[in-house]
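*Asks:* Have a look at this one.
Nothing in this text is a laboratory measurement; each read-out follows from the coordinates by a stated rule. Everything numeric here is computed off the predicted structure, so don't read it as measured data. Using ideal geometry, Cβ is built from the backbone for each residue, glycine included, and neighbour counts are taken over all protein chains shown.
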Ligand SMILES: Cc1cc2nc3c(=O)[nH]c(=O)nc-3n(C[C@H](O)[C@H](O)[C@H](O)COP(=O)(O)OP(=O)(O)OC[C@H]3O[C@@H](n4cnc5c(N)ncnc54)[C@H](O)[C@@H]3O)c2cc1C
């Protein structure tokens with residue numbers, strides 16, 4: 001059995017949440033070891049879209065110019081209702097978040113973030129599949145398999161950043177049951193005609209409660225995918241792959257793809273959106289990103305949450321090391337900060353998601369958004385998480401928007 005020198009923080013998972021936490025911790029002078037079962041650069045099944053909030057954190061990491069160079073910038077998004085009507089919304093002009101979206105393949109994005117963490121001083125063990133975490137009073141021991149050998153790594157604190165895979169969290173008893181999931185699948189196309197240069201979300205040509213997307217990666221290439229939500233008490237009718245197959249038969253999508261070439265296979269993966277009920281810590285351990293169920297329940301976007309929660313976990317741990325206070329109160333503080341920051345938006349989006357079941361409601365929502373600029377802007381801000389739903393969306397505001 002191999003053994004590695006004691007670390008301040010061991011981070012399991014080097015995706016956006018884990019690598020961002022590693023970056024901020026290493027910048028603060030802590031000894032950080034990232035473990036990932038993959039070898040980077042690695043693919044991650046995703047729509048590859050970055051919201052303004054994600055770009056805000058990536059700016060702090062100094063990565064936005066690189067991402068612009070390697071990806072595609074968009075300032076507008078279009079939503080297609082089930083009846084084919086559409087509304088286009090601009091990214092809101094705000095002081096606190098950039099007013100644009102970007103798209104870049106995860107193969108590139110995740111590697112850029114990881115390299116930032118490594119250049120800040122974090123270390124990485126790749127091909128390291130974590131199988132167990134022993135949580136003791138004075139630290140954590142992480143046990144994994146690498147190159148056919150079992151290795152134990154010791155740290156004062158741990159961060160679990162494993163994404164939507166729930167095996168480890170269940171084995172550790174942190175996650176008690178499988179939450180309702182979204183299933184999503186995507187593929188890439190090149191030589192596409194008539195790409196709009198906008199992010200496009202479709203409820204047209206899709207079985208509800210599902211959605212399709214076309215996210216341009218250049219003038220002629222795009223990530224095209226579809227997702228379908230699990231609904232309590234209903235068995236899922238179709239796989240995400242089948243929903244995507246149906247989506248690309250929609251006449252306007254078919255036309256766009258008439259001379260295009262699919263590049264690479266269709267890949268599917270689950271998405272966790274259960275933050276409102278999910279655990280966020282255990283003894284000497286914080287959970288970040290999708291491991292804490294942190295994904296927008298309405299859009300399936302989770303990179304922004306991964307980056308923000310990775311940063312928040314790092315800030316919490318920096319305080320804990322400075323005060324040499326690793327008590328449960330500190331772990332609860334982290335949970336409270338996450339809830340203050342994300343809870344109302346997640347719950348708002350969960351409620352709206354229930355409307356996805358009803359075509360007439362989505363048709364009406366799109367119609368109102370076409371006509372009422374204020375409603376469209378507010379709705380965009382809330383869905384993107386730029387403003388807190390509980391502050392922005394009271395009954396008086398809604399009535400004012402709808403009837404003035
Ligand atoms: C089809 C699809 C489309 C999506 N589209 C978008 C989008 O357009 N925009 C957006 O913002 N979000 C999107 N998401 C969600 C987004 O991909 C995730 O929310 C985001 O990747 C979460 O980041 P993370 O760092 O928490 O986890 P991940 O990015 O999943 O990283 C987890 C890392 O942990 C490693 N790991 C897991 N288990 C172990 C283990 N036992 N031992 C060692 N390493 C381990 C993995 O190898 C991986 O590198 C999409 C998801 C899917 C499935």
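*Asks:* Using only Cα atoms, locate the centre of the stretch 16-89 and the centre of the stretch 262-309, then give the distance between them in Å, rounded to an integer.
*Replies:* Taking the Cα centre of each part, the stretch 16-89 and the stretch 262-309 sit 13 Å apart.
*Asks:* What is the packing order of peptides 78-88, 375-385, taking the mean over residues of other C-beta atoms within 10 Å and listing the highest first?
*Replies:* Numbers: 78-88: 18.2, 375-385: 21.0.
The most tightly packed comes first, giving 375-385, 78-88.
*Asks:* Simple spin-label model, 7 Å along Cα-to-Cβ: residue 350 to residue 99 in nm?
*Replies:* Taking the simple label geometry, residue 350 and residue 99 are separated by 3.3 nm.
*Asks:* Determine how many Å³ per residue the convex hull of the Cα atoms of the stretch 244-395 encloses. List each step's numbers first, then the result.
*Replies:* On the way: hull volume 25.4 nm³, N = 152.
With only Cα atoms used, the stretch 244-395 gives 167 Å³ per residue.
*Asks:* Pick from 219, 126, 60 the residue whose mean-square fluctuation is largest in a GNM of the chain, springs joining Cα atoms under 10 Å.
*Replies:* Highest fluctuation of the listed residues: 60.
*Asks:* Would you mind ranking 214, 160 by Cβ crowding within 10 Å, fewest neighbours first? Let's see the in-between values first.
*Replies:* Working: 214 26, 160 30.
Least crowded to most crowded, the residues run 214, 160.
*Asks:* Report the full-extension gain for the segment residue 131 to residue 119: residue separation times 0.36 nm, less the Cα-Cα distance, to one decimal in nm. Write down the numbers at each step before the final one.
*Replies:* Values: separation 12, 0.36 × 12 = 4.32 nm, distance 2.74 nm.
Using 0.36 nm per residue and subtracting the Cα-Cα distance, I get 1.6 nm.
*Asks:* Enumerate the whole-percent occupancy of each 10 Å bin, from 0 to the last occupied one, for all C-alpha pair distances of the stretch 74-168.
*Replies:* It works out to 11, 25, 27, 16, 16, 5, in whole percents.
*Asks:* Report, in deg cm²/dmol and to the nearest 500, the calculated mean residue ellipticity at 222 nm for the chain, where each DSSP H run with n ≥ 4 adds -39500 (n - 2.57) and the sum is divided by the residue count. Don't skip to the answer; put the middle values down first.
*Replies:* Numbers: 13 runs with 148 residues, N = 404.
It lands at -11000 deg cm²/dmol.
*Asks:* Here's a follow-up. Under 10 Å, Cα contacts only: if you run a Gaussian network model on the chain, which one of 19, 161, 260 comes out with the highest mean-square fluctuation?
*Replies:* Comparing 19, 161, 260 in a Gaussian network model of the chain, the most mobile one is 260.
*Asks:* Further, regarding this structure: Only Cα pairs under 8 Å and at least 6 apart count here; give the relative contact order of the chain as a rounded whole percent. Write down the numbers at each step before the final one.
*Replies:* On the way: 855 pairs, mean separation 83.2, N = 404.
Relative CO of the chain lands at 21 percent.
*Asks:* Further question on the same structure: Per the Cauchy relation, a quarter of the hull surface: what is the mean projected area of the convex hull of the alpha carbons in the stretch 181-271, in nm²?
*Replies:* Details: hull surface 21.6 nm².
Seen from a random direction, the Cα hull of the stretch 181-271 projects 5.4 nm² on average.
*Asks:* Using only the alpha-carbon atoms, what does the chain span along each of its principal axes? Please give whole angstrom values in decreasing order.
*Replies:* The principal-axis extents, from largest down, are 60, 50, 44 Å.
*Asks:* Can you tell me the 0 to 90 degree angle between the C-alpha axis of helix 16-27 and the longest principal axis of the chain, rounded to 10?
*Replies:* It works out to around 50 degrees.
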